[in-house]
1. Of the residues 36, 66, 99, which exhibits the maximal mean-square fluctuation in a Gaussian network model of the chain defined by a 10 Å Cα contact cut-off?
2. Say a paramagnetic label sat at a point 7 Å from the Cα of residue 389, along Cα to Cβ; which residues of the range 237-264 have their backbone N under 17 Å from it?
3. Using only Cα atoms, what is the ratio of the radius of gyration of the range 101-166 to 2.2 N^0.38 Å?
4. Efficiency by 1/(1 + (r/R0)^6): what FRET value for residue 282 and residue 206, r their Cβ-Cβ distance, R0 = 60 Å, to the nearest 0.05?
5. Taking H placed 1.01 Å from N in the peptide plane, check which residues at least 5 places from residue 315 or on another chain put their amide H under 5 Å from its amide H.
6. So how far, in whole Å, is the C-alpha centre of the range 105-134 from the one of the range 397-413?
7. Spelling out what I want: for every residue of the range 64-77, take phi, set θ = phi - 60°, compute 6.51 cos²θ - 1.76 cosθ + 1.60 (Karplus), and round to whole Hz; glycine and proline get x.
8. I need the phi-derived Karplus couplings for the range 136-142: 6.51 cos²θ - 1.76 cosθ + 1.60, θ = phi - 60°, integer Hz, Gly and Pro marked x.
Amino acid sequence: MTGTAVPAADPAAVPAFPYRRATGCPFDPPPQYAELREEAPVSPIRLWNGAVAWLLTRYEDQRAVLADPRFSADVTRPGHPVQSAGVHARRDPAHLPFLVQDDPEHHHTRRMFTAHFTVKRVATMKPRIQEVIDHLLDAMEAAGPPADLVSAFALPMPSLVIGELLGVPHGDHALFQRAARTLVTLDSTPEQARAAAGELAGYLDDLITVKDRDPADDLLSTLVVERVRTGELDRAQLVENAVLLLAAGHETTANMTALGTLALLHHPEQLAAVRDSDDPARVANAVEELLRYLTITHSGRRRVATEDVEIAGTLVRAGEGVVLANDAGNRDGTVFPDPDRLDIDRAGVRRHIAFGHGTHQCLGQNLARAELQLAYPALLRRFPGLRTTVPDSEIRFKEDMLVYGVHELPIAW
C-alpha cells in the first residue's frame, strides 16, 4: 500500500470540521471546501471530541467510499466519526437501525421496509399528499399573513405524511417532533439525547403493542404482523427503525421545503419557472437541483475504514474515520459545471449525492421527492406574492443541527 498516511500531529493543531455557513451566502458550503477539493481532497480534520478523521471533498472520492464495503457505517465501531456526543450516547449496539448497520445485517433489515417506499407505492400516496398540502395552505390563507412557513407548512406537511404512513395518531405529532428535534441537535448533551430517544422509543413501543392487538392499514401494523410475529424482525429493532423513519421522514423534507423556498425567493426567475410550469418533469428536475444546491446533510456522511485503503493518494488506515462533505461533493465543478449557480434546468443533476450513494442510499428518497415536487408549486401558486418579511441576517439558520435549514421563516403575501 502506497500513499500518505494521517500525520502524527497534535489533534489540537488539526483544523476543526467546518460546519457551514457562518458568513457569506446561506446556501453555500464553507468556502474552504473549494480550496480543499483542488489542493487537499483528503485532509485531516478535528472532530467535536478531539479525534482526528479524514475529510473528503471531491464527488468521485465520496461516491467511491459510499460504494466500498471496506468502509463501515456502524457507529459502534471504534474510530467511527460520530457527529456529536448526543448521537454517540443514544446508540444501542444490540439494536441498531439499518442506517448504521453494515451488510448483510443492513440488507436483511432494510428489505423489510423497502416495499413501502418504492416509486410505485409512493405514486399511490400522491393524492393524499396533495390533500395534506392543500389543507395546510387553506389554513394559512384563512389565517392571513404574516406567517411562519416552518410551523404553518414546512414542518407539519411531512410530519402528517410520515405519521399516516407509519400509523402514528395525528394528535401525537408534537411529541415525535419535539423528541426528534433534540436527537438532531448537535449541542444536545448525552443525557438529553438519551431522554429524547427513550421518550420516543417508549411511545413507539406502546404504539406497536396497540398495532399488535388491533392491526390497521399502516406500515407499523404490517411489520408487526408479517415480520415481528414471525420472528424475522426483533421488536426492539422495529422500535429503533421506527424512530429513524419518524425523525428522518419529516426533518429532512421539512428543512428542504423551507430552505428551498427561501432559495427560490433569492432567484425570482427560477421561482417563476417552478410556479408556472405545467411540466412535471421540469418541476422534478428543479427539485433535484435544489437538493444538489442546498445539500442539507451538512454534517456529512460518516464511515470508518475496516482495512487500509488508499484514496486519492492518501492512505486511510483501518480504524480511521472519514467524513464525506456531501455539500462539497455536490458543488464539484468537474461533475456539475458552474456548480455554485442554481439552475433548475441543469442537465444530469440526478447524479447528485444529497441522498447518498450505494447500499445505504436514502430509503425515503422517493417519498421526499414526491412531497417536494407537490409542495413547491402548490405553495408558490397559492401565494404568488410570497415574500420574506425579514432580511437574511435576521433568519436563524440551523448550523446547530445535523440537518441544515431554518428554524423559522417569517413570510407574507
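1. Result for the chain, Cα springs under 10 Å: 36 fluctuates most.
2. Backbone N within reach: 262.
3. Working it through for the range 101-166, the quotient is 1.52.
4. The computed FRET efficiency comes out at 0.85.
5. Placed amide hydrogens put 4, 5 under 5 Å from residue 315.
6. Each part reduced to its Cα centre gives a spacing of 26 Å.
7. Those phi angles translate into 4, 5, 5, 9, 9, x, 7, 10, 9, 8, 5, 6, 8, 6 Hz.
8. Here the 3J(HN,Hα) series is 5, 5, 4, 5, 4, 5, 5 Hz.
Values quoted throughout were computed directly from the atomic coordinates according to the rules given, and no laboratory measurement underlies them. Worth saying up front: this structure is predicted, and the values here are computed from it rather than measured. For neighbour counting, all protein chains shown are included, and Cβ atoms are generated from backbone atoms with ideal geometry for every residue, glycine included.
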